1. Between a residue in the stretch 270-295 that is within 17 Å of LEU322 (Cα to Cα) and any residue that is part of a strand (DSSP E or B) and among the basic types (Lys, Arg), which pairs come within a Cβ distance under 6 Å, given they are 6 or more apart or on different chains?
2. Any residue in the stretch 102-112 that is under 30 Å from LEU29 (Cβ atoms) and small (Gly, Ala, Ser)?
3. Which pairs turn up if I take residues in the stretch 225-251 that are under 15 Å from THR212 (Cα atoms) and look for partners that are surrounded by 13 or more Cβ atoms within 10 Å (Cβ to Cβ) and acidic (Asp, Glu) with beta carbon separation below 8 Å, at least 6 apart in sequence or on another chain?
4. So, restricting to helices (runs of 4 or more DSSP H) that lie completely within the stretch 242-346, which ones have at least 2 residues that are farther than 29 Å from PRO117 by Cβ?
5. Do we have any residue at all in the stretch 222-237 that's surrounded by fewer than 13 Cβ atoms within 10 Å (Cβ to Cβ), more than 24 Å from MET345 (Cβ to Cβ) and modelled with pLDDT of 95 or more?
6. Scan (1) under 23 Å from TYR296 (Cα atoms); (2) at pLDDT 95 or above; (3) not charged (D, E, K, R) for the single condition LEU362 breaks and write down its number.
7. Looking only at the stretch 238-257, how many residues end up being acidic (Asp, Glu) and surrounded by 15 or more Cβ atoms within 10 Å (Cβ to Cβ)?
8. Quick check on the stretch 225-245. Is at least one of its residues under 30 Å from ASP332 (Cα atoms) and either of a type in the set (Lys, Arg) or touching a Leu at 6+ places or on another chain (Cβ under 9 Å) (or both)?
Amino acid sequence: MGASVLPKEIQSSLQNLIEQKLEIKDYDLSFSKGSSKGDNYLGVLTRVTVTEKNDKVANPRIFNLIIKSAPQSEEFRKYIKIEILHGREVCMYEQVFPELKRFQEEVGLEDIFYPVPKCYKTSNVAPYEHLILEDMTAKGYEMKNRKIVTDLNHSMEVLKAYGKYHALCLALKIKEPEVFDNLVELTKETYFTNVNLENLCGTIKAVIDKVTQKLDQDKERKLIKKLNEFIKFPVNGLLENLSIKAANGDAVFSHGDSWINNILFKYEDNCSCPSKICFLDWQLSRCTSPAIDISYFIFSCTDKKLRAHHYEDLLNAYHSSLLSFLKQLGCDLDIFSKEKLLDNMKRFSKYGLMMCLITIPLAAAEMDEIPDWTNDMNEEERTKMFSQERKSEKYIINKLIDVVRDFDKLEYI
């Protein structure tokens, strides 16, 4: 795989980064695919290794990079609104994350919490939008198999990381309200306000119809009614669910897309429990309730057995981590009490359910069932992505049934 796979505009950007910012004049480049089919849906990933050629240097520098570029398909761009998604991720890397890093440094933290890749360069020039990021796999981070249920150890560490990240956002809001408010203006919801939410209802209906057919039509009549009402959630509740106003002072700069393929893990000394977490893909970030990330992750990535035995433990791990980091940042621990957490989970978890209905079928798909939807697919083909029967159909429906029953039991719907 060579540089020819990249548009010349992105090749030029890469060259500029290497020669101007990294100050390397003589170098070798090697390219490879940055992800497998089904691991990424909203960008094209290219892995690049930059090796300095300099006989005068004993240890030539090597930079391992990921170029995340926007798909070129006009139909895809029109359907997905990629310019909005990419613009939000650029905003997070150029505006939000640097402020959160600066804030920690000024507070005096020695161990800076920065759970995202280093960003070397961004561009919003359509249709060649791209980010050039540090390749975290070169630092030992790994992506888990999307088909394997996330176990307790990994789930706990992810929620602890979300707790620290959300605490950092809350602390910035308390300590530097003007800075926080300026970032709020940059991270208001723009994606779902610019897409056809009726089409999204159609996607949700295709999945819910499959689920309700397998429920006990007599004993679970109330749940079936709730699910049929939920079909209209994208047009009758989604924007309110994501609004800053509704979060009532608890809003953070959410991740917004917390399924397992957007999380990398690093391990130390052959330990099966991860020591570090890295979050990827911030296109769906916005300023909203912390419950958006928590509910999406827990219900899309864990199974019923783990939730039955450890759901409270997962929430406690998240909250304890949040409080611990708030304390390090010099904030009052009453900012986000356990009662507030539970209230947020009841009020804002519907987004998590919506995303589960979309991502669980995709995560369980076999390679030959995953279309290249960055090409020119029509509306019928896109709908089929979610309504088609898959080889693991029984597993998918059973997992979704477990999810909706848990949502009902917890009174989240």
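The values are calculated or read from the model by the stated rules, or taken from the named source; none is laboratory data. Please read these numbers as outputs of a predicted model, since none were measured by experiment. All Cβ positions, glycine included, derive from the backbone under ideal geometry; neighbour counts span all protein chains shown.
1. Pairs that qualify, where the first residue is within 17 Å of LEU322 (Cα to Cα) and the partner is part of a strand (DSSP E or B) and among the basic types (Lys, Arg), are LYS276/LYS266.
2. no
3. What qualifies is LYS226/ASP408.
4. Of the helices (runs of 4 or more DSSP H) lying wholly inside the stretch 242-346, those with at least 2 residues that are farther than 29 Å from PRO117 by Cβ span 244-247, 304-328.
5. no
6. (2)
7. 2
8. Yes, there is a match, as at least one residue in the stretch 225-245 is under 30 Å from ASP332 (Cα atoms) and either of a type in the set (Lys, Arg) or touching a Leu at 6+ places or on another chain (Cβ under 9 Å) (or both).
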